[in-house]
Amino acid sequence: MKKIMLVALVALFTVTMGAQTKVGTVDADFILSKMPELTDANEALKNYNLDLEDQLKTKLSTYETTLKAAQDAIATMTDAQKEAKQKELAELEDDITKFRNNGAQLLQLKQSEVVQPLYTKIAEVVSVVAKEQKYTQILNVGNNNNLAYIDPAFDITVAVMTKMGIKVE
């Protein structure tokens, strides 16, 4: 009976030890901030923002030109022409308002488009490092995470940066 209990205890201990997890952390935002590719992403975002500003300037210029032309010709316009011109101006104003309102959303979409591949690259390297160091779970401890305690010994941020060829300072 004692042998059966001992075997059962050893088996339980072995299963328990084999089922343990190794949890590590990584700061993906910090890694992103050190990636050389971020410069290109920021440049693309800046150019997109300038393009949006140019589009807005064009819309404003069109509106101002149309308004000035309408003001100059108002004395010679028929009521139907005045009404058509007012409708055209209202549509231009509406278009400008919508463009301004959507500008921030368009910029956010572009930011996601240019930054997401960088996060994907980080995730791929995190996966490789986690497997190499036999982690079962990796938690991202970037700026938006509030963990109560993190043991720096289990932080793989530097290992990921080294694997990516990013100079660790």
### Query
How many of the residues making up region 42-84 are under 24 Å from the mean Cα position of the chain (by Cα) and of a type in the set (Ser, Thr, Tyr)?
1
### Query
Which ones in region 120-145 are open to solvent by 70 Å² or more (accessible area, probe 1.4 Å), under 23 Å from ASN42 (Cα atoms) and at pLDDT 90 or above?
LYS121, GLU124
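When you check GLN116 against the structure, is it open to solvent by 80 Å² or more (accessible area, probe 1.4 Å), over 23 Å from ASP29 (Cβ atoms) and part of a helix (DSSP H, G or I), yes or no? Explain how you work it out, then say what you get.
Numbers: open to solvent by 80 Å² or more (accessible area, probe 1.4 Å): yes; over 23 Å from ASP29 (Cβ atoms): no; part of a helix (DSSP H, G or I): yes.
For GLN116, the condition - open to solvent by 80 Å² or more (accessible area, probe 1.4 Å), over 23 Å from ASP29 (Cβ atoms) and part of a helix (DSSP H, G or I) - is not met.
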### Query
Does any residue in region 29-40 that is open to solvent by 30 Å² or more (accessible area, probe 1.4 Å) come within less than 6 Å, Cβ to Cβ, of a residue that is assigned to a loop (DSSP other than H, G, I, E, B) six or more places away or on a different chain, and which pairs are these?
ASP29/GLY142; ASP29/ASN143; LYS34/ILE166
### Summary
Result of the Cβ filter at 7 Å on region 108-122, keeping first residues that are in contact (Cβ under 8 Å) with a residue 12 or more places away in the chain and partners that are surrounded by 11 or more Cβ atoms within 10 Å (Cβ to Cβ) and not in a helix (DSSP H, G or I), at least 6 apart or interchain, is LEU118/MET35
### Query
Just wondering, is there one or more residues in region 98-118 that are among the charged types (D, E, K, R) and either in contact with a Cys (Cβ under 9 Å, 6 or more places away or on another chain) or closer than 30 Å to ILE156 by Cβ (or both)?
yes
#### Entry: Selection status of ALA84, over 30 Å from LEU52 (Cα atoms) and surrounded by 13 or more Cβ atoms within 10 Å (Cβ to Cβ)
no
### Message
Need the failing condition index for ASP27 against (1) more than 29 Å from ILE122 (Cβ to Cβ); (2) among the acidic types (Asp, Glu); (3) modelled with pLDDT under 95, just the number.
### Response
(1)
## Note on the structure
Over region 43-53, the set of residues without any contact (Cβ under 8 Å) to a residue 24 or more places away in the chain and more than 15 Å from ASP95 (Cα to Cα) is GLU43, LYS46, ASN47, LEU50, ASP51
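The values are calculated or read from the model by the stated rules, or taken from the named source; none is laboratory data. Owing to the predicted nature of the structure, the values given are computational and were not obtained by experimental measurement. Counting neighbours? That spans all protein chains shown, and the Cβs are built from the backbone with ideal geometry, glycine included. All accessible areas refer to the heavy atoms of the entire protein, side chains included, with ligands and DNA or RNA removed. Shrake-Rupley method; radii C 1.70, N 1.55, O 1.52, S 1.80 Å.
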